[in-house]
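Data first, discussion second: the structure below is written as structure tokens.
The values are calculated or read from the model by the stated rules, or taken from the named source; none is laboratory data. Source: prediction; values computed, not measured. Glycine also receives a Cβ, built like all others from the backbone with ideal geometry; neighbour counts cover every protein chain displayed. Areas reflect the complete protein model, heavy atoms only, side chains present, ligands, DNA and RNA absent. Shrake-Rupley method; radii C 1.70, N 1.55, O 1.52, S 1.80 Å.
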Amino acid sequence: MQHTFLLVVAVGANAASTHGATCSAAANQRSLFGKGIQPIQEFSVRNITSCCSACVDSTNSTGACGAWFVKWPPVTNSQKSNKEGVCKLYNVSDVALLQYGNCSAFSKPAVCSASIFGVQPNPPPNITSVVNITVSRRTPNDQWVISHYLAAMSFVYCWAPDRVYSNGTMVQWARKNNVATARYPAGTASYWDWEHPSGNMGMSALDPSYNASKAAPPENWMNMSEYLDLCSAIQMRPLIGVNYNCHAKYFVSQNDSIARAVRQVEYVVARGFRGAFYYIGNEDGASIPAHTEQIANHARAMKQVDPTIKIFWNDNDLNAGKIANFLKITGPGVMDGAEFHGKWPYGGTPPLRPATFDQWLTEAPLMERKSRTLWRDRIAPMRKAAAAAGQREFLLANNEYGLGKPSNMVGFNRFTKSLVNIEFAMELFIGGYDMAALWDNGDGQTMGTPRSNNSLYDQMLLDTDADFRMNPVHFGLELLFTSVNTSMLAFNTTAPRVHGFCSEPPSRVHAPAHASAPNHTCCFLINKIQVDVTVHIRVPADLPRLSQARSVEDTSDHWGRLTDTSARMQVVQTTDVTVVYAVTLPSLSFTALW
């Protein structure tokens, strides 16, 4: 017999009524589960409030209630008032081990709904249990080296004024942090004229109605020459966008478009950059067969100029089937990779609800909500499809990762937005992506315009109105970038909300040492629990010893800080096989160990 449940969820709360906890609902699509976790109470209720109130009021010999959910059997409207649901209360000490699941686990197709209730801790709960993390080496067939091109930037060219990029500050930052490439001109590639840029978002000199008097002042944006100067100064490999159909408006003929792309490659080669990366188009329906052919024709002509270049296409809805079809149409040796763009909680305008801060706290690992797959798992089927098409070295990239529209994120501040971006970047490292660029260095505000025109100032790399100060995401990126060219290790945690990865210097068995690879062990841990958490990390004894720790923490103004937390780490056990480190992670933080 098929059962349908209505699930109502609350998590992360110390529910003692003396702390002033209250119940309020916000609809979502989640259930609640935790491996081996048993409720401290289970009983029947006739309404949601009864279950929530029981959690709020529960502080007894079985422990304080910190999380609860209630499930209802299928009912008709006429029966609803007569049906009873099952309410389950969970101990606050188990909150770290609980996570959200998909309602479809209870009924397929899913017809249930769930709600997170604002039962907030004040003061926060005491998490007394230790989180255990086990690190081990992967099997030879499952080993890989973290790509250098995960250390990347993105330049929407009309958001890149001379004031930021001509004084050497960004060059110093990028060189210090081993940045390998930067996507230029980012999303404007689909319609820009690289030879005569307008300097404005959504305005192309190729448009027959273009008015040159509307062009932005040249000091407000970055042209191709300035971009390549930056690549030289930073010693980056260029990643350059090519316009192939003016965002399907076809302002020029295909022959003229191909000729312009050929001149673009010739110019880049003449500037000393052979073997650059290129991406053709941007969010313009690349999988439409006619567009696929047009992209392939551009790519073939470009490779006549420089056979060593690597060319991507873009499709935000990329999947294994689309890769197989695209490569079947283009044939071998034409395309070298594909990129897609993905945001958290989602990009675009799908029929999904905004995400709340409480939801993010328990969403671990992060999910690609449109397809309901984990970000770390998304590219594995695509790799298989490319390999089946004969392209085992095919490159896969999320070259506009970051946060969606501000209206789709409820309850976040500058720091917690940055923490989401840091976690997102970490998931792409864990997933073995070949390239990834945070969208964007700029924040959508052009020079001389008021902040009222810009809602992205606290979720990109730079905040224009704060004199281009870096948002706290930069702390986490700087730490993550230290792991490029190291070998990923296997990683298991007993608490999903405390997760991450560890890596080691490249193994002689499966990868040569890279000149920029560190010679130490690296570990990266996010603590998505609102209290300090003690972690025991068990690693192979022959790995280079950990001795340093740095944590990205919040501050009263939410700009965050990087704190030396080495004193919070110590060795607690050593054997011939393993070493165990005890580390105290600050509340809501990202920590690097090496």
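Filter the range 417-444 for residues that are part of a helix (DSSP H, G or I), open to solvent by 10 Å² or more (accessible area, probe 1.4 Å) and not basic (K, R) and give the result. Residue satisfying the conditions is I430 alone.
Might you check whether a residue that is closer than 18 Å to D434 by Cα, of a type in the set (A, V, I, L, M, F, W, C) and crowded, with 22+ Cβ neighbours inside 10 Å occurs anywhere in the range 341-359? Looking through the range 341-359, none of the residues is closer than 18 Å to D434 by Cα, of a type in the set (A, V, I, L, M, F, W, C) and crowded, with 22+ Cβ neighbours inside 10 Å.
Of the residues in the range 571-589, not one is among the β-branched types (V, I, T), touching a helix residue (DSSP H, G or I) at 6+ places or on another chain (Cβ under 9 Å) and at pLDDT below 95.
Here the condition is being surrounded by 14 or more Cβ atoms within 10 Å (Cβ to Cβ), aliphatic (A, V, I, L, M), closer than 23 Å to F357 by Cβ and under 25 Å from the mean Cα position of the chain (by Cα); of L593, L525, it holds for L525 alone.
The residue that is farthest from the chain's Cα centre (by Cα), among those in the range 189-210 that are among the hydroxyl-bearing types (S, T, Y) and modelled with pLDDT of 95 or more, is S209. In the set (1) over 28 Å from F424 (Cβ atoms); (2) open to solvent by 20 Å² or more (accessible area, probe 1.4 Å); (3) touching a strand residue (DSSP E or B) at 6+ places or on another chain (Cβ under 7 Å), the condition left unmet by V580 is number (2). Scan the range 368-399 for residues that are at pLDDT 95 or above and in a strand (DSSP E or B) and the total you get is 6. Counting only strands (runs of 3 or more DSSP E) that sit wholly inside the range 520-591, those with at least 2 residues that are closer than 18 Å to E504 by Cβ are 522-527, 533-540, 569-574, 578-585. Has the range 177-198 got any residue that is touching a residue at least 24 places away in the same chain (Cβ under 8 Å), touching a Gly at 6+ places or on another chain (Cβ under 6 Å) and part of a helix (DSSP H, G or I)? Scanning the range 177-198 turns up at least one residue that is touching a residue at least 24 places away in the same chain (Cβ under 8 Å), touching a Gly at 6+ places or on another chain (Cβ under 6 Å) and part of a helix (DSSP H, G or I).
Take the residues of the range 204-229 that are in contact with a helix residue (DSSP H, G or I) (Cβ under 6 Å, 6 or more places away or on another chain) and not aromatic (F, W, Y): which is nearest to N399 (Cα to Cα)? My answer is M222. Taken over the range 408-437, residues that are within 11 Å of the chain's Cα centre (by Cα) and among the hydrophobic types (A, V, I, L, M, F, W, C) amount to 11. Among the residues here, Y250 does not qualify as part of a loop (DSSP other than H, G, I, E, B) and either in contact with a helix residue (DSSP H, G or I) (Cβ under 6 Å, 6 or more places away or on another chain) or of a type in the set (S, T, N, Q) (or both). Given the criteria part of a loop (DSSP other than H, G, I, E, B), at positive phi and in contact (Cβ under 8 Å) with a residue 12 or more places away in the chain, does G402 qualify? For G402, the condition - part of a loop (DSSP other than H, G, I, E, B), at positive phi and in contact (Cβ under 8 Å) with a residue 12 or more places away in the chain - is not met. No other residue among P496, P518, P506 is modelled with pLDDT under 90, open to solvent by 10 Å² or more (accessible area, probe 1.4 Å) and under 24 Å from the mean Cα position of the chain (by Cα) apart from P518. Out of the residues in the range 265-286 meeting the condition of being part of a loop (DSSP other than H, G, I, E, B) and acidic (D, E), tell me which one is most open to solvent (accessible area, probe 1.4 Å). Residue satisfying both the conditions and the ranking: E283. On inspection, E368 fails the criterion of being of a type in the set (D, E), closer than 25 Å to L438 by Cβ and open to solvent by less than 10 Å² (accessible area, probe 1.4 Å). Being within 24 Å of the chain's Cα centre (by Cα), open to solvent by 40 Å² or more (accessible area, probe 1.4 Å) and at pLDDT 95 or above is a property that K328 lacks. Taking the conditions (1) more than 14 Å from the chain's Cα centre (by Cα); (2) in contact (Cβ under 8 Å) with a residue 24 or more places away in the chain; (3) open to solvent by 10 Å² or more (accessible area, probe 1.4 Å) in turn, R392 satisfies each one other than (2). In the range 244-251, is there at least one residue being among the aliphatic types (A, V, I, L, M) and open to solvent by 10 Å² or more (accessible area, probe 1.4 Å)? Within the range 244-251, one or more residues are among the aliphatic types (A, V, I, L, M) and open to solvent by 10 Å² or more (accessible area, probe 1.4 Å). Against the test of being under 24 Å from the mean Cα position of the chain (by Cα), on the phi < 0 side of the Ramachandran plot and modelled with pLDDT of 95 or more, the options A233, A186, A215, A151 yield a single qualifying residue, A151.
No other residue among A96, A105, A114 is at pLDDT below 75, within 26 Å of the chain's Cα centre (by Cα) and open to solvent by 60 Å² or more (accessible area, probe 1.4 Å) apart from A105. When the range 140-175 is filtered for residues that are aromatic (F, W, Y) and either part of a helix (DSSP H, G or I) or open to solvent by 50 Å² or more (accessible area, probe 1.4 Å) (or both), the ones remaining, listed by number, are W144, Y149, Y157, W159, Y165, W173.
Filtering the range 227-236 for residues that are closer than 14 Å to Y157 by Cα, surrounded by fewer than 22 Cβ atoms within 10 Å (Cβ to Cβ), in contact with a Lys or Arg (Cβ under 6 Å, 6 or more places away or on another chain) and not hydroxyl-bearing (S, T, Y) leaves a non-empty set.
Taking L562 as the residue in question, decide whether it is touching a Ser or Thr at 6+ places or on another chain (Cβ under 9 Å), under 25 Å from L461 (Cα atoms), open to solvent by less than 10 Å² (accessible area, probe 1.4 Å) and among the aliphatic types (A, V, I, L, M). For L562, the condition - touching a Ser or Thr at 6+ places or on another chain (Cβ under 9 Å), under 25 Å from L461 (Cα atoms), open to solvent by less than 10 Å² (accessible area, probe 1.4 Å) and among the aliphatic types (A, V, I, L, M) - is not met.
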